[in-house]
């Protein structure tokens, strides 16, 4: 973490623009169904309040594609924030319009303004310099605390840093600390569990992790591409036929690097893609025609669990089965439970794996749950994240 944080500069009484990640799930009545990302921003906001800053918060929500849509308004976030902070958060009616500019200019120390959804302007995702300049004109200092969008070069994550001194908030600092240590200086044995549907989504991550881990476990839909690459039938299971050579190469690379690459030895197959489908446990070499693999089986759970007992650092990205359907959530829930009981650093890489851990009620038992699915994947791949790169070095 060689980037400056809010601790490293004088903020007393300053006007500070903070990019947060308030991209929270809502139901059809715009009630927030999970406020984790809002809660994650509180340490930074409270620190700025202690410094008597005038605080301007910005975020995106969903993909409104550059136009105002009421269902993507951040108004419910302002309400939730006010409740969590125990003080009023002023809501702007727009982003760089008259209302936002007026309210920003009138802010007093210790007051908080939340701008409307930055993605109501297409200029945001285009990283338009004029739009960035207008955002910057509201404040004296820029703080990025939105790890979930740090892999995107947008106006409010990167562009604005060309016009203001830019530092990291506490959430980004925490993400970089845990993910960075895991990648660059892990306590060993270092193990990774990768799930999710497709090998193609994780090629870079597998490749990068094979340089670093002692054991790599693969579950989820992408396991079937590895089965097929070894010449076995996978029935109707998800399988990327154009990635078979790649799967072979990755298995070969694991051998060369002396990495223990573990694939499922049995699988829970179902007849159809629906929650109450008929299902049965079969060996990985015996998936019947017309059936589809939806979860790792009990033997695999046992093997993976025994291996994980030796771990000192574990990174998990992607569920190992179709955890949305209870009968195929057994593998994912079992892995979550094992990790929750380990005497090790356990890092959950955002997205679906984070959702699965929360669903199992085990989030408090993990060392760190990343707030950014895509960003944590790119970070694990060793890619530079534009939203971090643009911050001032220590």
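The values are calculated or read from the model by the stated rules, or taken from the named source; none is laboratory data. Remember, it's a predicted structure, so these values are computed and weren't measured experimentally. Backbone-built Cβ (ideal geometry, glycine too); neighbour counts: all protein chains shown.
Can you name the number of the only condition in (1) under 25 Å from the mean Cα position of the chain (by Cα); (2) part of a helix (DSSP H, G or I); (3) over 27 Å from residue 176 (Cβ atoms) that residue 302 fails?
Here residue 302 clears every test but (1).
Name the pairs whose Cβ atoms lie under 6 Å apart, with the first residue in the range 330-343 and farther than 18 Å from residue 268 by Cβ, the second surrounded by fewer than 21 Cβ atoms within 10 Å (Cβ to Cβ), and 6 or more positions between them or separate chains?
Partner pairs satisfying both residue conditions: 340/362; 340/365.
Spot the failing condition for residue 187; the list is (1) farther than 29 Å from residue 306 by Cβ; (2) surrounded by fewer than 18 Cβ atoms within 10 Å (Cβ to Cβ); (3) in contact with a strand residue (DSSP E or B) (Cβ under 7 Å, 6 or more places away or on another chain), and only one is missed.
The number of the failed condition is (1).
From the list 80, 71, which one is surrounded by 15 or more Cβ atoms within 10 Å (Cβ to Cβ), touching a residue at least 12 places away in the same chain (Cβ under 8 Å), over 21 Å from residue 152 (Cα atoms) and in the same structural domain as residue 115 (by TED's automatic domain parsing)?
One residue alone meets the criteria, 80.
Quick one: which helices (runs of 4 or more DSSP H) sit completely within the range 166-249 and have at least 1 residues that are over 20 Å from residue 282 (Cα atoms) and in contact (Cβ under 8 Å) with a residue 40 or more places away in the chain?
Qualifying helices (runs of 4 or more DSSP H): 170-184, 203-209.
Going by the structure shown, is residue 186 more than 24 Å from the chain's Cα centre (by Cα) and closer than 29 Å to residue 368 by Cβ?
no
Determine whether residue 340 is over 13 Å from the mean Cα position of the chain (by Cα) and closer than 14 Å to residue 193 by Cβ.
yes
Quick one: is residue 217 surrounded by 23 or more Cβ atoms within 10 Å (Cβ to Cβ) and closer than 24 Å to residue 378 by Cα?
Yes; evaluated as a whole, the condition is true for this residue.
It is to be established whether one or more residues within the range 283-296 are at positive phi, under 26 Å from the mean Cα position of the chain (by Cα) and surrounded by 23 or more Cβ atoms within 10 Å (Cβ to Cβ).
no
Quick grid of which residues meet (1) within 24 Å of residue 42 (Cα to Cα); (2) buried (at least 20 other Cβ atoms within 10 Å of the Cβ); (3) in contact with a strand residue (DSSP E or B) (Cβ under 9 Å, 6 or more places away or on another chain):
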site: 110; (1), (2), (3): yes, no, yes
site: 114; (1), (2), (3): yes, yes, yes
site: 120; (1), (2), (3): no, yes, no
site: 128; (1), (2), (3): no, no, no
site: 132; (1), (2), (3): no, yes, no
site: 135; (1), (2), (3): yes, yes, yes
site: 138; (1), (2), (3): yes, yes, yes
site: 142; (1), (2), (3): yes, yes, yes
site: 145; (1), (2), (3): yes, yes, yes
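Among (1) under 21 Å from residue 201 (Cβ atoms); (2) buried (at least 23 other Cβ atoms within 10 Å of the Cβ), which single condition is residue 273 missing?
Of (1) under 21 Å from residue 201 (Cβ atoms); (2) buried (at least 23 other Cβ atoms within 10 Å of the Cβ), only one is false for residue 273: (2).
Kindly indicate the residue of the range 20-68 that is under 18 Å from the mean Cα position of the chain (by Cα) and free of Cβ contacts under 8 Å to residues at least 24 places away in the same chain and also surrounded by the fewest Cβ atoms within 10 Å (Cβ to Cβ) among those meeting that condition.
33
Which condition number in (1) more than 24 Å from residue 346 (Cβ to Cβ); (2) not in a helix (DSSP H, G or I) is the one that residue 255 fails?
Just one mismatch for residue 255, condition (2).
Every residue, every condition in (1) more than 25 Å from residue 190 (Cβ to Cβ); (2) in contact with a strand residue (DSSP E or B) (Cβ under 7 Å, 6 or more places away or on another chain); (3) in the same structural domain as residue 239 (by TED's automatic domain parsing), yes or no:
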| site | (1), (2), (3) |
| --- | --- |
| 290 | yes, no, yes |
| 294 | yes, yes, yes |
| 311 | no, yes, yes |
| 317 | no, yes, yes |
| 326 | yes, no, yes |
| 338 | no, no, yes |
| 371 | no, no, yes |
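Yes or no: residue 168 assigned by TED's automatic domain parsing to the domain that holds residue 40 and buried (at least 24 other Cβ atoms within 10 Å of the Cβ)?
yes
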